[in-house]
Amino acid sequence: MKEVIKIGMADLKASVSPNVLTTLGLGSCLGIILYDPVKKVGGMAHIMLPDINSVRVRRNKAKFANSAIKEMIAKMRKLGARKSNLEGKIVGGAHMFTGVKISNPSAFNVGERNILNARQALTDEKIKVVSEDVGGDYGRSIEFDLETGKVKIRTIAWGIKEI
Amino acid sequence: MSKDVKLSEGQLDALRELGGIGAGNAATALSQLLNKRVMMTVPKIDVVPVEKVPLLMGQPETLVVGVYLRILGDVLGSMLLTFPRDSAFALADVLAGRKIGATKILSDMDRSALMETGTIVAGAYLNALSILTKRTLVPCTPNLAFDMMGAIVDYILIGLSRVVEYVIVLEVEFVEADTKVKGFFFILPDPESLKIIMKAIGAEE
């Protein structure tokens, strides 16, 4: 039986084929997806911020790109995934209120910094980013099919696409 | 500040009063703008941790219009006014003087009108906060987004989650003749600013 597993904001989960991992309404948040196509084990994180080392409160590892990736790898290994098989995909990191950048540049390019940090953190773990759908000024929902490894992205303005 | 803000009945009253004064100011301004009687009420006002905001607003994929602006001056922070799609469209109809239900897509004019509403509501509350705290608060230009609730709210939460811990949430209702439009208005003060506001309503940390 195929189970659809929801991932909330600042949350992460790992599972196995034929289950589906999904997260809804990503804005500047970033969906990070890891997949072992051989073992058909996958993980998804819905992160909010780029770097766990830049904050005081580090309680929730799923909230930050770098710590979430490490945590996901650990969970996926327990399900039989091999680290050397892993492929990464990233989705989200939008800039929703396009005019705000001008009035507060530092605080509001978080989406972009999430993207950059996630790419870097994946590279550090020697995981290749095989595809991505990032940036823009619109929200995204994603569905990750662990049987096929395909990621379906839903948007309001731009319809559905698959990466 | 501790994990949960426990407000006494007296402090909640002070917040409710702030809610009422802001709504009164906003209703007056909207009525003048539209040249017809518009009422605004605040059925509920509360102080909640930032993480709880998405729960208040329902499903992450619900379509909402969000009008967001920064507050500068002595009290730093931002404000966000949100309406579910249908409410936003009804409000656009009221603002443009159309029959309710006429709006099918938001035109640039509708977007401007909704941003104007955001500015008016924000201005009304800035004024009320200014009197309450005896400080100067200045709004920046508003921005509008029409998208999934989750995407709009996460943007605000992320930008703020490093600095803002608590949010003042107002459930707002605009009434014009037979039309009732419901939305949420969020006051998102930086921690220092929250202290100023809490002190002004007599809340202890």
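Any chance region B:121-138 includes a residue that's crowded, with 23+ Cβ neighbours inside 10 Å, under 20 Å from B:Leu55 (Cα atoms) and touching a residue at least 60 places away in the same chain (Cβ under 8 Å)? Within region B:121-138, not a single residue is crowded, with 23+ Cβ neighbours inside 10 Å, under 20 Å from B:Leu55 (Cα atoms) and touching a residue at least 60 places away in the same chain (Cβ under 8 Å). Looking only at residues in region B:67-96 that are free of Cβ contacts under 8 Å to residues at least 40 places away in the same chain and crowded, with 20+ Cβ neighbours inside 10 Å, the one that is nearest to the other protein chains (Cβ to nearest Cβ) is B:Phe89.
Each residue in region B:97-114 was checked for being open to solvent by less than 60 Å² (accessible area, probe 1.4 Å) and charged (D, E, K, R), and 1 of them qualify.
Taking region A:3-12 only, how many residues are more than 18 Å from B:Pro54 (Cβ to Cβ) and in contact with a Gly (Cβ under 9 Å, 6 or more places away or on another chain)? The number of residues fulfilling the criteria is 0.
Within region A:122-163, the set of residues being within 14 Å of another protein chain (Cβ to nearest Cβ) and touching a residue at least 40 places away in the same chain (Cβ under 8 Å) comprises A:Asp133, A:Val134, A:Gly135, A:Gly136, A:Asp137, A:Tyr138, A:Gly139, A:Arg140, A:Ser141, A:Ile142, A:Glu143, A:Ile153. B:Leu15 meets each of the listed conditions (1) assigned to a loop (DSSP other than H, G, I, E, B); (2) away from every other protein chain (no Cβ under 14 Å); (3) touching an Asp or Glu at 6+ places or on another chain (Cβ under 9 Å) apart from (1). For region B:56-77, residues that are part of a loop (DSSP other than H, G, I, E, B) and either within 17 Å of the chain's Cα centre (by Cα) or not β-branched (Val, Ile, Thr) (or both) total 8.
Could you tell me which residue of region B:139-170 is surrounded by the most Cβ atoms within 10 Å (Cβ to Cβ), considering only residues that are among the charged types (D, E, K, R) and at pLDDT below 90? Top of the filtered list is B:Asp154.
The criterion of at least 1 residues that are among the polar types (S, T, N, Q) and either within 13 Å of B:Ile158 (Cβ to Cβ) or open to solvent by less than 10 Å² (accessible area, probe 1.4 Å) (or both) is met by the following strands (runs of 3 or more DSSP E) wholly inside region A:18-131: A:20-26. Scanning region A:1-17 for residues that are open to solvent by less than 50 Å² (accessible area, probe 1.4 Å) and within 14 Å of another protein chain (Cβ to nearest Cβ) yields A:Ile7, A:Gly8, A:Ala10, A:Asp11.
B:Phe174 meets the conditions (1) crowded, with 23+ Cβ neighbours inside 10 Å; (2) under 25 Å from A:Leu24 (Cβ atoms) in every case but one. The failed one is (2). Taking the criterion of being assigned to a loop (DSSP other than H, G, I, E, B) and at negative phi, the residues of region B:105-143 that qualify are B:Ile105, B:Leu106, B:Ser107, B:Arg135, B:Thr136, B:Cys140, B:Thr141, B:Pro142. Here region B:46-66 is the region considered, the condition is being within 22 Å of B:Met115 (Cα to Cα) and β-branched (Val, Ile, Thr), and the residue that is nearest to the other protein chains (Cβ to nearest Cβ) is B:Thr62.
With respect to the conditions (1) farther than 17 Å from B:Ala88 by Cβ; (2) touching a strand residue (DSSP E or B) at 6+ places or on another chain (Cβ under 6 Å); (3) assigned to a helix (DSSP H, G or I), B:Asp154 lacks only one, and its number is (2).
Being free of Cβ contacts under 8 Å to residues at least 60 places away in the same chain and over 11 Å from the mean Cα position of the chain (by Cα) holds for only one residue in A:Met9, A:Met1, and it is A:Met1. Against the definition (closer than 16 Å to B:Gly22 by Cα, open to solvent by less than 30 Å² (accessible area, probe 1.4 Å) and not basic (Lys, Arg)), how does B:Thr117 come out, yes or no? It is true that B:Thr117 is closer than 16 Å to B:Gly22 by Cα, open to solvent by less than 30 Å² (accessible area, probe 1.4 Å) and not basic (Lys, Arg). For region B:22-32, state whether one or more residues are open to solvent by less than 40 Å² (accessible area, probe 1.4 Å), within 14 Å of chain A (Cβ to nearest Cβ), in contact (Cβ under 8 Å) with a residue 24 or more places away in the chain and not acidic (Asp, Glu). No, that holds for no residue.
The values are calculated or read from the model by the stated rules, or taken from the named source; none is laboratory data. Fair warning: this is a prediction, and the values are worked out from it, not measured in the lab. Note: ideal-geometry Cβ built from the backbone for every residue, glycine included; neighbour counts use all protein chains shown. The accessibility values were calculated without ligands, DNA or RNA, using every heavy atom of the protein model including side chains. Shrake-Rupley method; radii C 1.70, N 1.55, O 1.52, S 1.80 Å.
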